Amino acid sequence: MNQQLLAKTFVELADNLVADFDLIDFLRLLTDRCVGMLGAGAAGVLLADRDGELRVMAASDEQVRLLELFQLQNDEGPCLECFRTGTQVIVPDLTREVDRWPRFVTVAHHSGFGAVQALPMRLRDETVGALNLFRAAPGPFDPAATLIAQALADVATISLLQQRTTHRSTVLNEQLQTALNSRVLIEQAKGKLAERQGIDMEQAFTALRGYARAHNRRLADVARAFIDDSERLPGLGS
């Protein structure tokens, strides 16, 4: 494991929330680093909105995003159970959980996943979401990697909740709602870019994110400009 990258990741996740905090990019960093450093095949993050309803806020690829959506739509799966209990749900072999989550196991298998661990994003008695790591092959998870993944989830959670007084709670709710709205824009932009350039949805996201970072802009703002064709975006075909 790259210890320098791990240390850098903890620092990045511990950054304070600021006015222009990009929640989606922050959570995508979390999923990407779990895949890149911890050997997960894919990762996703679910967060609760202001009404306590879980939403898919980040996914390392399109396939796992759809699987996370399937869990929410069917109210079934380890990630929901993790959020509701506030405890880890570790499943080394999904085929043994058919009776527990019959629809989820079938779809996860068809998506190429054989094992999953769902880790709570929790601080004390408040659970705000779940970090979910998927792997293709069944088998036990590395306890050391699980500890690091939970630590990353904990640091991310603290960053989200660190200033949560009555006033800051309102700010965080607004940020979550803004992120949900931004997610819709980004999905629309991904679809438009994928169709225009003949690429898949994950490649489209990578291109949008790369442009936003290269030009020091918010991902949602780039997505909106691309959808509206309101400005030239060299390299994105706009």
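Bear in mind that the values in this text are calculations on the coordinates, not laboratory data. Note that the structure is predicted; figures quoted are calculated from it, not measured. Virtual Cβ from ideal backbone geometry, glycine too; neighbours counted across all protein chains shown.
For the reader, a short list of remarks on this structure follows.
- q = 0.14, 0.16, 0.21, 0.23 Å⁻¹, region 57-120: log10 I(q)/I(0) [Debye, one scatterer per Cα]: -0.35, -0.46, -0.83, -1.01
- Between the helical axis of 143-161 and the longest alpha-carbon principal axis of the chain there is an angle of about 50 degrees.
- Kirkwood hydrodynamic radius computed over region 16-166 comes to 15.3 Å, based on all pairs of distinct alpha carbons.
- Amide H within-cut-off set for GLY39, under 5 Å, with H built and near neighbours excluded: none
- Helix content alone sets the calculated 222 nm mean residue ellipticity of the chain: runs of n ≥ 4 DSSP H residues at -39500 (n - 2.57) each, divided across all residues, give -18000 deg cm²/dmol.
- Extending 7 Å from the Cα toward the beta-carbon at both GLN197 and HIS109 defines two label points whose distance is 3.7 nm.
- Relative to the current alpha-carbon distance between GLN3 and LEU147, full extension at 0.36 nm per residue lengthens the span by 50.4 nm.
- The charge dipole of the chain, taken about its Cα centre with unit charges on the Cβ atoms of Lys, Arg (+1), Asp and Glu (-1) only, comes to about 320 debye.
- Debye intensity ratio in log₁₀ form over the Cα atoms of region 7-101, taken at each q of 0.12, 0.16 Å⁻¹: -0.44, -0.77
- Within a Gaussian network of the chain (alpha carbon springs, distance under 10 Å), most fluctuating of PRO102, PRO78, PRO120: PRO102
- Against the chain, whose longest principal axis is taken from its Cα atoms, helix 219-228 shows a tilt of about 50°.
- Compared with the dominant principal axis of the Cα atoms in the chain, helix 201-214 is inclined by about 60°.
- Here the Debye sum runs over all C-alpha atoms of region 199-238 as equal scatterers in vacuum, and log10 of I(q)/I(0) at q = 0.16, 0.35 Å⁻¹ comes out as -0.33, -1.33.
- When the chain is described by a simple charge dipole with +1 on each Lys and Arg Cβ and -1 on each Asp and Glu Cβ, the residue from ASN132, LEU236, VAL116 located farthest towards its positive end is LEU236.
- Rg and Dmax of region 98-141, both derived from C-alpha coordinates alone, stand at 12.7, 36 Å.
- A simple packing score, the average count of other Cβ atoms within 10 Å per residue, orders the peptides 184-196, 210-222, 31-43 as 31-43, 184-196, 210-222, with the highest score first.
- Taken one residue at a time, the phi angles of region 52-69 give Karplus couplings (6.51, -1.76, 1.60, θ = phi - 60°) of x, 8, 6, 9, 6, 10, 7, 8, 6, 7, 5, 4, 6, 4, 5, 5, 5, 4 Hz. Gly and Pro are set to x.
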